[in-house]
Amino acid sequence: MTDDVRRAWLSAIDAHVCHRHEAAGDSCWCPEYDRMPRERLRQVQEEKLRLSVRYLYECSPMYRRKLDAIGMSPADVRSLDDLPGLPITTKEEMSASLAERPPFGEYTAIDDAHWNAHGWLMFTTSGTTAQPRAFRYTDFDRELWTWTDARALWSMGIRPGDRALLCFGYGPHVAMWGMLYALNRLRVPVIPSGGMDSRARAFALATYRPTLISATPSYALYLAGVLSEQGHDPHASGVRTIIALGEPCPDATRDRIRALWGDVEIHEFYGCTEAAPSCGGYTCGHALHFMEDTHLVETVDPETHQPTPPGVPGLVVITNLCSEASPQVRFLVGDVTTLSTDACACGRTHVHCSGFAGRADDMLNIRGVTLFPSAVEDMLRRMPELGDEFQIVLDSPDRRRERFRLVVEARPGADAAAVAARVEEETKARFDLRPEVEVVPPGSLPKTEFKARRVRDER
Ligand SMILES: [Zn+2]
């Protein structure tokens, strides 16, 4: 039974994957998928949703219990109208499943025997305090990641003739892996730089002249500085595209990247380990699209978890219609965004959004004011007298008082007192919060290659 259900699911996915690239070469990167009429898109989604729920019910004990608990069976899912009736799945449920059944939990559709026969790579969420959640992906998934990411890269203007420098290590984060395989599929050579320090990366940049860099936005800023220190002009580096991953990329950060690197296009991938490990979303130059033939995307109200319509902000919920290992249904990713079904200038029909401020879990509440660290980043990076790094430090020196400190780096030659006064004033004007500002010399705050930790909450 399980084998039949799995076969039906995999062949339904495969039926909606384009296999023409190998034959058609560069001219085919699936415009018919990205520009599918919405009625046709809905049919594809409904067919896959029905089979995915049946497959998960069969292969994931956690999902079977969730549906049984509300008296729902896979046969009750017939169309997209049934989607809001399916339960939301949270990180906390996965962690609970993991605690009960270590080390993999029961939230994926993969067991030991299947992994041993078909395993590709294992990924984990970045866990600092909690045990990281593990996801075992298969060779079938690798093909899907390759295809979806190649479609996304194509929409970003990446073509054979490009050369890529990937500023990520050989780590358990999903961010870089789909891109690596997709670049290979597009016949774009890759210069891996895991294990290199920033000086070695800058040397590789100047010597091998990639046209494309992928890094976190912060690291893209930092690397330009290292390149300059080595006597090279980033404007003359030959880099024409920067793909930013792993962190929000607010406008002021984009402006700084462009100021340093010259006339580059900045693109973004969007996803999460659990439900969109390859391409959940990608930029087209106008907006960030979700790949809707492979993923269902919804936004929900943060309190009630009821769907919010396009135009109304909510938390992102993703259903993965394109995975053997982890076809999660209604996974609460938790990023805050506003979806739009308006026509995009690029001609793609899939839903889009303008971007992300951050995950709801990252939102800070300081003396009753809520704000995202990315909003502080956007404010600080608009001030030319400041360097690129900063820290937000929250503590309570006594029980009645909550202290909000901003540690910023001044550019060489800047007057520290004037810098502190300006940061204080801008923060008050923008967030109605008065911080204590500490100005430190350039280069004294830590740089990280992946996901910078800029908030120290010691309250
Ligand atoms: Zn577009």
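A short reminder: the numbers here are calculations on the coordinates, not readings from a lab. All figures in this text were calculated on a predicted structure; none of them were measured in a lab. As a convention, Cβ positions derive from the backbone with ideal geometry for all residues, glycine included, and neighbour counts pool all protein chains shown.
At a 10 Å Cβ-Cβ cut-off, how would you order Val455, Val393, fewest neighbours first?
Working: Val455 13, Val393 17.
Fewest-to-most ranking of Val455, Val393: Val455, Val393.
Compared with the dominant principal axis of the Cα atoms in the chain, helix 38-59 is inclined by about 80°.
So, counting K/R as plus one and D/E as minus one, what does the shell of residues with Cβ under 11 Å around Val174 add up to? Before the final figure, lay out the partial values.
Details: positive: none; negative: Asp141, Asp149, Glu274.
Combined, the nearby Lys, Arg, Asp and Glu give -3.
Test of understanding: ordering Cys353, Cys167 by Cβ neighbours within 10 Å, fewest first, what list do you get? Final ranking by Cβ density, sparse to dense: Cys353, Cys167.
Averaged over all directions, how much area does the convex hull of the C-alpha atoms of segment 218-328 cover when projected, in nm²?
On the way: hull surface 35.6 nm².
Over all viewing directions, segment 218-328 projects a mean Cα-hull area of 8.9 nm².
Principal-axis analysis of the Cα atoms of the chain puts helix 251-261 at an angle of about 70° to the longest axis. Here the gap between Arg434 and Ala252, fully extended at 0.36 nm per residue and compared with their Cα-Cα distance, gives a gain of 63.4 nm.
Using helices alone, I'd like the mean residue ellipticity at 222 nm for the chain: each DSSP H run of four-plus residues gives -39500 (n - 2.57), total over residue count, nearest 500. All intermediate terms of the calculation are to be shown ahead of the outcome.
Details: 14 runs with 155 residues, N = 459.
My calculation for the chain gives -10000 deg cm²/dmol from helical runs alone.
Ranking of Ser11, Ser214, Ser326 by neighbouring Cβ atoms within 10 Å, starting from the fewest: Ser11, Ser326, Ser214. Treating each Cα of segment 146-206 as an identical point scatterer and summing with the Debye formula, the log10 of I(q)/I(0) at q = 0.29 Å⁻¹ comes to -1.19.
Cα gyration tensor of segment 298-369, axes a ≥ b ≥ c as square roots of the eigenvalues: rounded (a/c below 1.5), prolate (a/b > b/c) or oblate? Oblate shape, in that a/c is at least 1.5 and b/c is the bigger or equal ratio. The distance between label points at Asp361 and Arg456 comes to 2.2 nm (points 7 Å beyond Cα on the Cα→Cβ vector).
Between the helical axis of 217-229 and the longest alpha-carbon principal axis of the chain there is an angle of about 50 degrees.
With both labels modelled 7 Å from their Cα along Cα-to-Cβ, the Thr304 to Glu265 distance reads 4.1 nm.
Against the compact-protein benchmark of 2.2 N^0.38 Å, the Cα-based radius of gyration of segment 363-458 scales to 1.04.
Total lysine pairs in the chain at Cα distances under 30 Å, for residues eight or more apart or on different chains: 7.
Compute the Rg to Rh ratio over segment 369-418 from the alpha carbon atoms, using the Kirkwood formula for Rh, and round to two decimal places.
Radius of gyration relative to Kirkwood radius: 1.04.
Its residue count N fixes a reference of 2.2 N^0.38 Å for the chain, and the Cα radius of gyration divided by that reference is 1.01.
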